[in-house]
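Novice: Would you mind keeping the following structure in view while I ask a few things?
We did not get these values from a lab; they are worked out from the coordinates using the rules stated. Since we're looking at a predicted model, the values are computed, not measured. Using ideal geometry, Cβ is built from the backbone for each residue, glycine included, and neighbour counts are taken over all protein chains shown.
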Amino acid sequence: MSAGADDRGFETRAIHAGQDPDPVTGAVVPPISLSTTFAQQGVGRHHGWEYSRSANPTRAALEACVASLEGARHGLAFASGLAAEDAVLRQLRPGAGIALGGDAYGGTFRLIDKVYGASGHPWAAVDLTDPAGLERDWPEGTALVWAETPTNPAMAVVDIAAVAEVAHRHGALLVVDNTFATPYLQQPLALGADTVVHSSTKYLGGHSDVVGGFVAVDDDDLAAGLGFTQNAVGAVPSPIDCYLVQRGLKTLAVRMDRHCDNARAVAEMLSEHPAVERVLWPGLPGHPGHDVAKRQMRDFGGMVSFVVRGGEDAAVAVCERTEIFTLAESLGAVESLIEHPARMTHASAAGSPLAADPGLVRVSVGIETTADLVADLRQALDTAA
Ligand SMILES: Cc1ncc(COP(=O)(O)O)c(C=O)c1O
């Protein structure tokens, strides 16, 4: 779905873009359009809708809204974040190479290594926190650079503008996975990226009740290729799932403000706790990506990782001792979650250059009462030490 220019503020667009009241009934919340098919007035004469895999009004509303929030001309919704990533990777020509940042979601690594690598797309792990090094050691044949920022789970920060410049000099495209930052905190297309992907399962949905993915692009040809894939492969979200993400978007800005505030309080406590060796949150002045994050993000996000003294056993013990932070995969919702990346979300990257540090714990800081979250993590660290 293509979006027109809209210069209203972020919060206004999150609530109104693509969501005009229903023209038939005036319903302020546009109805969920469950119909799989649409009546035609004559063969090939219709209201713009034919069959819901190809296009659906509820999906189109979501696509217009997220495209607007990313400042993109085109947006496409998918059935999961990995389905969205797959659609982006399907645009590669046969044999084209991929440069993947040295830290990324384990499922992204699995898709690039086990699916695309295995079907003839060479890939290399590159340090995207060092654009000069990328320029120097550019992997021959790379057509696509794949960056997360901040990364999952090590919270590294990639200078999007600098990496886009290097990629473009080599005739390659830059994809940014904006799942951790969300368009509220960071808009990669405005910084020079070509494609934005999301797991909308996370902050966009925001309530741990919907799996979804999204791709946003400016380029018309890229959008046409992605649109073809969306219809031809068919990994589309249901209208109810689209509605749930849409509903989540309305509070994205206020949720993100609280996620960021709570993450700051958690990161500051962790920084002073004797059982913690290192805290990875870009809002801390000592974080190696702090200056870049300050430049390209509105705030530093709700994800915090930390290395526990005592290695893997100590990290696992902390994960099992929290009471408000639920031990679970996923992230980005109102409730706080804790996990052990090496054994959980990133187990598929074991033994690879993207393997997670076994002493690392990742928390998705929710929007519960700040003091409760800080106290919960503190007691888990006190008793695990
Ligand atoms: C940064 C990031 N990108 C993509 C994905 C994949 O999204 P999904 O689980 O919706 O397929 C995840 C999932 O955790 C993720 O954390």
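Novice: What length, rounded to one decimal in nm, is gained on full extension from T12 through to A232, with 0.36 nm per residue of separation minus their alpha-carbon distance? Mind dumping the intermediate values first?
Specialist: Values: separation 220, 0.36 × 220 = 79.20 nm, distance 3.38 nm.
Contour length minus Cα-Cα distance gives 75.8 nm.
Novice: While we're looking at this one, here's another question. Given axes a ≥ b ≥ c from the Cα gyration tensor, I'd like to know whether region 142-237 is rounded (a/c under 1.5), prolate (a/b larger than b/c) or oblate.
Specialist: Because a/c hits 1.5 or more and a/b fails to exceed b/c, region 142-237 counts as oblate.
Novice: As an exercise, find the ratio Rg/Rh for region 250-385 from alpha-carbon atoms, using the Kirkwood inverse-distance average for Rh.
Specialist: My calculation puts Rg/Rh at 0.95.
Novice: Scan around T326 for amide H atoms under 5 Å from its own, H built in the peptide plane at 1.01 Å from N, and keep only partners 5 or more places away or cross-chain.
Specialist: The answer is S336, L337, I338.
Novice: Sticking with this one: Using a Gaussian network for the chain with springs between C-alpha atoms less than 10 Å apart, which of these wobbles most: I32, I112, I338?
Specialist: Of I32, I112, I338, the Gaussian network model singles out I32 as fluctuating most.
Novice: Within a 10 angstrom radius of the beta carbon, how do D209, D261, D159, D357 rank from fewest other beta carbons to most?
Specialist: Values: D209 12, D261 15, D159 22, D357 19.
By the 10 Å Cβ count, ascending, the order reads D209, D261, D357, D159.
Novice: Then there is this: Rank S119, S80, S52 by mean-square fluctuation in a GNM of the chain with C-alpha springs under 10 angstrom and give only the top-ranked residue.
Specialist: Of S119, S80, S52, the Gaussian network model singles out S119 as fluctuating most.
Novice: If you average 1/r over all unlike Cα pairs in region 240-311 and invert the result, what Kirkwood radius do you get in angstrom? Write down the numbers at each step before the final one.
Specialist: Values: mean 1/r = 0.0730 Å⁻¹.
That comes to 13.7 Å for region 240-311.
Novice: If we count other beta carbons within 10 Å of each Cβ, what is the order of M269, M297, fewest first?
Specialist: M269, M297
Novice: On to the next question. Using θ = phi - 60° and the Karplus curve 6.51 cos²θ - 1.76 cosθ + 1.60, what whole-Hz ³J(HN,Hα) does each residue of region 308-323 get, with Gly and Pro shown as x?
Specialist: My calculation for region 308-323 gives 8, 5, x, x, 4, 4, 5, 4, 5, 4, 4, 4, 8, 10, 7, 10 Hz in order.
Novice: Restricting to Cα pairs below 8 Å that are 6+ residues apart, what does the relative contact order work out to for region 204-354? Please round to a whole percent.
Specialist: So the answer I get is 21 percent.
Novice: Bin width 10 Å, origin at 0, all Cα-Cα pairs of region 281-330: what percent of pairs per bin?
Specialist: Reading the bins upward from 0: 21, 37, 31, 10.
Novice: While we're on this one: Given region 338-383 reduced to its alpha-carbon atoms as identical point scatterers, what log10 I(q)/I(0) does the Debye formula return at q = 0.15, 0.25, 0.31, 0.34 Å⁻¹?
Specialist: -0.50, -0.87, -1.07, -1.18
Novice: Can you give the helix-only mean residue ellipticity at 222 nm for the chain, where every DSSP H stretch with n ≥ 4 adds -39500 (n - 2.57) and the sum goes over all residues, rounded to the nearest 500 deg cm²/dmol?
Specialist: That calculation yields -10000 deg cm²/dmol at 222 nm.
Novice: May I ask you to derive the relative contact order of region 180-219, considering only C-alpha pairs under 8 Å and at least 6 residues apart, and to give it as an integer percent?
Specialist: 40 percent
Novice: Give the whole-number value, in cubic angstrom per residue, of the convex hull volume spanned by the C-alpha atoms of region 284-363. Mind dumping the intermediate values first?
Specialist: Numbers: hull volume 9.6 nm³, N = 80.
Given the Cα convex hull of region 284-363, per-residue volume reads 120 Å³.
Novice: Counting C-alpha atoms alone, how compact is region 31-150: give Rg to one decimal and Dmax as a whole number, in angstrom.
Specialist: Using the Cα atoms of region 31-150, the pair Rg, Dmax is 18.9, 60 Å.
Novice: OK, next. Using 0.36 nm per residue, how much length does the chain from R309 to Y51 gain when fully extended, once their Cα-Cα distance is taken away?
Specialist: 87.3 nm
Novice: Can you list the HN-Hα couplings for region 227-242, worked out from phi with the Karplus curve (6.51, -1.76, 1.60; θ = phi - 60°), rounded to whole Hz and with x for Gly and Pro?
Specialist: Here the 3J(HN,Hα) series is x, 4, 4, 4, 7, 6, 8, x, 7, 9, x, 6, x, 5, 5, 4 Hz.
Novice: Please list, in chain and number order, the residues 5+ apart from A55 or on another chain whose amide H is under 5 Å from its amide H, with Hs placed from the backbone.
Specialist: Distant-sequence amide H within range of A55: E50.
Novice: Still on this structure: Could you check how many percent of all C-alpha pairs in the chain are farther apart than 37 Å?
Specialist: 20 percent
Novice: Give the lysines reachable from K250 as a straight Cα distance under 28 Å; neighbours fewer than 8 places away on the same chain don't count.
Specialist: Within reach: K202, K294.
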